[in-house]
Amino acid sequence: MKESDLLIVLGASFSKHTGISREKPTIQIDFDPVVLGKFHSVTVPVWGEIGVTVDLLMAQLASSAPKTDRRHEVAYQWAQWREEKARREKQQTGKGLSSASVFSTMNLHVPENAVIAVDVGNNTYSFGRYFECKSQSILMSGYLGSIGYGYPAAIGASAAAPDRPIIALTGDGGFAQYMSELTTAVKYGLPIKHILLNNRELGKISREQRNEGRVVWSTSLHNPDFSKYAENCGALGIRISSAARLNEGLQRVLEHEGPAMLEVMTDADLT
């Protein structure tokens, strides 16, 4: 994006924390006029149905001169990012697994037709960095910032699409707010597979405090053993704290017939 001549944004808004320069020429196209320029100033806001607008653009561009093929540059940067992800997978500090290692394993085993309900916090940022979506459906709360969204959303997805694999991805802070919902999944036999990243703190808030030059205050958590809690509720519960057990643990959870939880002890600094 930093090296582009023009950004064409189709049906997407900008992050409140985006690093994209406001000086970059930008065309934003959306059917909802409210989102045009809402989080980020744009050069040309276009209120219109995306498919129709893109067809009109393509018709106008068809007669223009051919442009330089930049695909090799994109492929080079993608290869660099893969190398960086592989490096991060191997990082260890003795305080838990890296998020990169968790999502690398999920890339191998999560079914392509799965629905993944993602919570709020560092787990969400890490999911965006490291999980490589194929044709999975992703549920997120967006800018509502509704911590605790992940597991209740997975219950809704399970009710709406009982024929698809349903996966909840949460942090420890988010799940702790709605952990009683696990009993709902057990009661009704909803086969939700829960990946819980337990870093023992509200990691996103800790990072925001550090970024503002403040002392980290009141973000540490006193957690139960969530995997044992899952067992007490009648679900399968597995806790792992070593990368060597990731493959086995995730496979067991995904293959279990009923509700199941994989609690992964992670490092809040390796997101």
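The values are calculated or read from the model by the stated rules, or taken from the named source; none is laboratory data. Keep in mind that this is a model prediction, so the values were computed, not measured. In this analysis, Cβ positions are derived from the backbone assuming ideal geometry, glycine residues included, and neighbour counts consider all displayed protein chains.
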Margin query: Which numbered condition in (1) part of a helix (DSSP H, G or I); (2) under 20 Å from the mean Cα position of the chain (by Cα) is the only one that E73 fails?
Written below: (2)
Notebook entry, point to check: Mind checking which residues of the range 127-152 are surrounded by fewer than 23 Cβ atoms within 10 Å (Cβ to Cβ) and over 30 Å from E84 (Cβ atoms)?
Noted result: L144, S146, G148, P152
Next item on the list: Can you confirm whether the range 22-37 contains a residue that is more than 25 Å from R129 (Cβ to Cβ), in a helix (DSSP H, G or I) and hydrophobic (A, V, I, L, M, F, W, C)?
Entry: yes
Check: Residues Y178, Y125: which one is in contact with a helix residue (DSSP H, G or I) (Cβ under 9 Å, 6 or more places away or on another chain), more than 27 Å from A12 (Cα to Cα), at pLDDT below 95 and aromatic (F, W, Y)?
Finding: Y178
Item checked: R164 vs. criteria surrounded by fewer than 13 Cβ atoms within 10 Å (Cβ to Cβ) and either at negative phi or not assigned by TED's automatic domain parsing to the domain that holds N198 (or both) -> no
Notebook entry, point to check: Can we say Y149 is within 22 Å of Y229 (Cα to Cα), at pLDDT below 95 and hydroxyl-bearing (S, T, Y)?
Noted result: no
Next item on the list: With the checklist (1) surrounded by fewer than 17 Cβ atoms within 10 Å (Cβ to Cβ); (2) over 19 Å from the mean Cα position of the chain (by Cα); (3) of a type outside the set (G, A, S); (4) in a helix (DSSP H, G or I) in hand, flag the one item L182 doesn't pass.
Entry: (1)
Next item on the list: Return the residue satisfying two criteria in turn: it lies in the range 222-250 and is surrounded by 15 or more Cβ atoms within 10 Å (Cβ to Cβ) and within 24 Å of S146 (Cβ to Cβ), and of such residues it is modelled with the lowest pLDDT.
Entry: N223
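Per-residue answers, yes or no, for (1) loosely packed, with under 11 Cβ neighbours inside 10 Å; (2) within 18 Å of L246 (Cα to Cα):
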residue	(1), (2)
M58	yes, no
S64	yes, no
A86	no, yes
G94	yes, yes
A100	no, yes
V110	no, yes
I116	no, no
Item checked: Verdict on R214 being more than 22 Å from S104 (Cβ to Cβ) and either at pLDDT below 95 or surrounded by 20 or more Cβ atoms within 10 Å (Cβ to Cβ) (or both) -> yes
